[in-house]
1. Take the residues in region A:29-46 that are in a helix (DSSP H, G or I) and within 7 Å of chain B (Cβ to nearest Cβ), then tell me which one is farthest from the chain's Cα centre (by Cα).
2. Looking at residue B:203, is it in contact with a Cys (Cβ under 6 Å, 6 or more places away or on another chain) and either part of a helix (DSSP H, G or I) or buried (at least 18 other Cβ atoms within 10 Å of the Cβ) (or both)?
3. Restricting attention to region B:139-154, does a residue exist that is in contact with a strand residue (DSSP E or B) (Cβ under 9 Å, 6 or more places away or on another chain) and either farther than 14 Å from residue B:192 by Cα or surrounded by 18 or more Cβ atoms within 10 Å (Cβ to Cβ) (or both)?
4. List every residue pair whose Cβ atoms sit under 6 Å apart, with the two residues 6 or more apart in sequence or on different chains, where the first one lies in region A:8-19 and is farther than 11 Å from residue B:88 by Cβ and the second, anywhere, is not polar (S, T, N, Q).
5. Pairs under 6 Å by beta carbon, first residue farther than 16 Å from residue B:112 by Cβ in region B:123-146, partner of a type outside the set (Val, Ile, Thr) and loosely packed, with under 15 Cβ neighbours inside 10 Å, six or more apart or different chains?
6. Given the criterion surrounded by fewer than 20 Cβ atoms within 10 Å (Cβ to Cβ), assigned to a helix (DSSP H, G or I) and facing chain A (nearest Cβ under 9 Å), identify the matching residue among B:175, B:68, B:106.
7. Do we find that residue B:46 is more than 8 Å from chain A (Cβ to nearest Cβ), modelled with pLDDT under 95 and not in a helix (DSSP H, G or I) in this structure?
8. Could you please let me know if residue B:162 is modelled with pLDDT under 90, in a helix (DSSP H, G or I) and not hydrophobic (A, V, I, L, M, F, W, C)?
Amino acid sequence: MTATDDSVHDRLADARIALTPAQVAVAITLLAALGFVLLFAQAPMLHDSMHNFRHAAGIVCH
Amino acid sequence: MLTRHLRRGLQAGAAGGLAFGLFVALLGNPLLRYVETVESFEGGHSHAHAHGGSAVGPETVGSIASVAGGVVFGVLLGTVAFGALYYLLEPAIPGANGTRSYLLGASGFLTVSGAPWLLFPPQPPGVEAVLATDVRVRWYLGMALAGALACGLAGLAYTRLRARRGRLPAVFGAALPFCVLPILAALGPAAPISSSVPAALAYVFRMVTVVGQVGLWFVLASTHAWLLRRDRIGEPESTDADSTDRTTFADTYRVLDR
């Protein structure tokens, strides 16, 4: 399984074959949006409802 | 291969998220509720910081949303760190198969929590930061980036020195980039706070938070290491079975031939 790929470069090349740019873009956008909502969103409703989580996770940017 | 990596990352994330959700439900929420009662008892200074006068809604809604947030947080970290990043970085991470997951987990903790906490340690509600939010977010992200860079440099230094000089210089070289982090934190803006929570309670809260994050990354890394081991054991066994089948077949053939 790892015998054929032995560098980060090969892995990147493999990923580029396996995934289309659109798939990568969608995945990154989704993950970034999720992360932003969880950690940095300042909209009062979202922000307050996850207030405890943010404190419990030690994220202090709020 | 990519899909198998992503699936393992997602599975590790599910385990980590579940564990962290439980942590928020059983420890985080009750402790925060307690801190808030102490705070209103101590200072008479209402918990309206940064939240303006907006209606917080029933306490339970916040608790449930926080548990859900914990689960999603774990799944997110698992997918990004152990799905995508492990796939890309596996050839570059030093160590044996089992150790790699733990090394990546430790790096993840340092990046997401450890390095930023050097500058802004976790605080209970009631401890108010004087710095503006956007300044803090910028420094938080900066420290996270510095943590990730330090981990990358440490890995690079270890692999290079290990090949040329041996193990001890390699460990020493890998430790060096981490020494930059406290210096960077000291250069950052001072984070003045005004607290209405007793120092002992704030300390307990901080330690519980640290244990929670370390635990989350530990569960993520352990699950991932276990999944890797399981998949690796599964693979060679099937090929072994094939080859033994073939040899026994060949043997019987030889016997018949004779």
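The values are calculated or read from the model by the stated rules, or taken from the named source; none is laboratory data. It should be emphasised that the depicted structure is a prediction, and the values quoted were computed from it without experimental measurement. With ideal geometry, Cβ positions are generated from the backbone for all residues, glycine too; neighbour counts draw on all protein chains shown.
1. Step one: filter region A:29-46 for residues in a helix (DSSP H, G or I), giving A:29-39, A:44-46.
From what is left, the residues that are within 7 Å of chain B (Cβ to nearest Cβ) are A:31, A:34-35, A:38, A:44.
Details: A:31: 4, A:34: 7, A:35: 6, A:38: 11, A:44: 23 Å.
So, considering only residues that are in a helix (DSSP H, G or I) and within 7 Å of chain B (Cβ to nearest Cβ), the one farthest from the chain's Cα centre (by Cα) is A:44.
2. no
3. Among the residues of region B:139-154, not one is in contact with a strand residue (DSSP E or B) (Cβ under 9 Å, 6 or more places away or on another chain) and either farther than 14 Å from residue B:192 by Cα or surrounded by 18 or more Cβ atoms within 10 Å (Cβ to Cβ) (or both), which makes the answer no.
4. So the pair list comes out as A:18/B:2.
5. Matching pairs, first to second residue: B:128/B:194; B:130/B:192.
6. On the way: B:175 fails: facing chain A (nearest Cβ under 9 Å); B:106 fails: facing chain A (nearest Cβ under 9 Å).
Being surrounded by fewer than 20 Cβ atoms within 10 Å (Cβ to Cβ), assigned to a helix (DSSP H, G or I) and facing chain A (nearest Cβ under 9 Å) holds for just one of B:175, B:68, B:106, which is B:68.
7. On the way: more than 8 Å from chain A (Cβ to nearest Cβ): yes; modelled with pLDDT under 95: yes; not in a helix (DSSP H, G or I): yes.
In short, yes.
8. Numbers: modelled with pLDDT under 90: yes; in a helix (DSSP H, G or I): yes; not hydrophobic (A, V, I, L, M, F, W, C): yes.
Considered against the rule, which asks whether it is modelled with pLDDT under 90, in a helix (DSSP H, G or I) and not hydrophobic (A, V, I, L, M, F, W, C), residue B:162 comes out as yes.
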